[in-house]
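Below is one structure; the comments refer to it alone.
The values are calculated or read from the model by the stated rules, or taken from the named source; none is laboratory data. Nothing here was measured: the structure is a model prediction, and the numbers come from that model. Every residue, glycine among them, receives a Cβ derived from its backbone with ideal geometry; neighbour counts consider all protein chains shown. Quick note on the areas: whole protein, heavy atoms, side chains included, nothing else; ligands and nucleic acids left out. Shrake-Rupley method; radii C 1.70, N 1.55, O 1.52, S 1.80 Å.
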Amino acid sequence: MSIKLENVSHSYANEFTKEMVLSNINIELENGKIYCVVGPSGSGKSTLLNIIGGLLHPTEGQVFIDSEEITNFSQKQLADLRLNKVGYIFQNYNLIPFLTVKDNILLPLRIAKKNISEYKENYEALMKRLQIKDKENAYVYQLSGGQQQRVAIARCLIIRPEIILADEPTGNLDSENTKKFISLVQSILKDFNTTFVIVTHDERLCDYCNQTIRIGDRSIEILKK
Ligand SMILES: Nc1ncnc2c1ncn2[C@@H]1O[C@H](COP(=O)(O)OP(=O)(O)O)[C@@H](O)[C@H]1O
Ligand SMILES: [Mg+2]
């Protein structure tokens with residue numbers, strides 16, 4: 001899916017202060033490409049990602065997904081968007097330790113009340129591709145960091161998302177697993193028709209992206225490759 005932000009600003013306010021994090025952002029993300037979002041800690045990378053995925057309503061401006069304005073969506077439409085179109089990968093993976101690998105991966109389908117049997121083929125293909133089939137019945141706490149991340153990727157892909165948002169996905173990985181992550185992202189992009197947005201501290205990842213978005217001082221700079 002393509003994503004467009006028009007004059008987007010965001011501030012967090014409480015009764016005492018108001019902190020402007022993003023100011024007048026305009027960007028367009030094309031379908032099927034990988035974008036890297038970089039910038040110092042606290043610069044608003046996660047805020048931008050949450051706005052792109054419809055998890056956070058910006059205080060000003062419009063967000064369009066495939067030219068539909070999601071900033072006008074009802075709560076129900078937003079929930080549908082998140083359940084059916086947007087896949088999220090978090091730094092700490094947000095897996096549920098007392099569920100098995102299989103149950104973690106199927107969780108988004110259960111939440112969205114989908115018919116799980118319709119996803120069996122996709123599930124088996126992901127288990128094979130991510131090399132976690134033999135861990136299917138293990139609990140998440142029994143896995144290594146790299147394996148946990150692959151479970152998180154499988155959980156994100158099970159719904160066949162059209163946008164994948166990853167917040168510091170390699171933050172906990174060594175360089176070997178970071179390389180594996182990148183080649184996985186590239187192969188996913190080939191097979192799933194999806195747009196990938198990766199927030200990262202690790203500027204090495206930018207080499208593998210189509211475009212880098214650098215946030216600093218509330219505004220953004222788009223670096224073409
Ligand atoms: N829910 C929130 N409420 C209030 N302030 C927030 C909230 N989320 C983030 N912030 C503030 O907004 C700024 C940007 O945060 P964030 O988008 O998480 O930055 P980054 O991901 O680049 O580290 C930070 O100063 C942070 O403290
Ligand atoms: Mg962040």
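For this structure, a couple of remarks:
- Dipole magnitude for the chain: computed about the Cα centre from +1 point charges on Lys and Arg Cβ and -1 point charges on Asp and Glu Cβ, it is near 680 debye.
- Rounded Å value of the spacing that divides the Cα centres of region 141-158 and region 43-88: 25
- Sites matching trypsin sites (Lys or Arg not before Pro) across region 113-195 that sit in DSSP coil, with at most 13 neighbouring C-beta atoms within 10 Å: 113
- Accessible-area composition of the chain, carbon plus sulfur, in percent [1.4 Å probe]: 46
- Per residue of the chain, the DSSP helices (runs of n ≥ 4 H) give a summed -39500 (n - 2.57) that works out to -9500 deg cm²/dmol at 222 nm.
- Sparse-neighbourhood loop sites, GluC sites (Glu not before Pro) in region 14-92 - DSSP loop, at most 10 other Cβ within 10 angstrom: 15
- For the set 214, 204, solvent exposure ranked by accessible area (probe 1.4 Å, protein chains only) runs largest to smallest as 204, 214.
- Straight Cα distances below 17 angstrom link residue 114 to the lysines 76, 85, 102, with same-chain residues fewer than 8 positions distant left out.
- Relative to one another, the C-alpha centroids of region 1-36 and region 164-225 are positioned 17 Å apart.
- Antiparallel %, DSSP beta bridges [both residues in the chain], to 5: 55
- Over region 44-134, equivalent-ellipsoid semi-axes from the Cα gyration tensor in Å: 29, 16, 12
- A Cα-only calculation for region 3-224 places Rg and Dmax at 17.5, 53 Å.
- Percentage relative contact order, the chain, counting C-alpha pairs under 8 Å, at least six apart: 30
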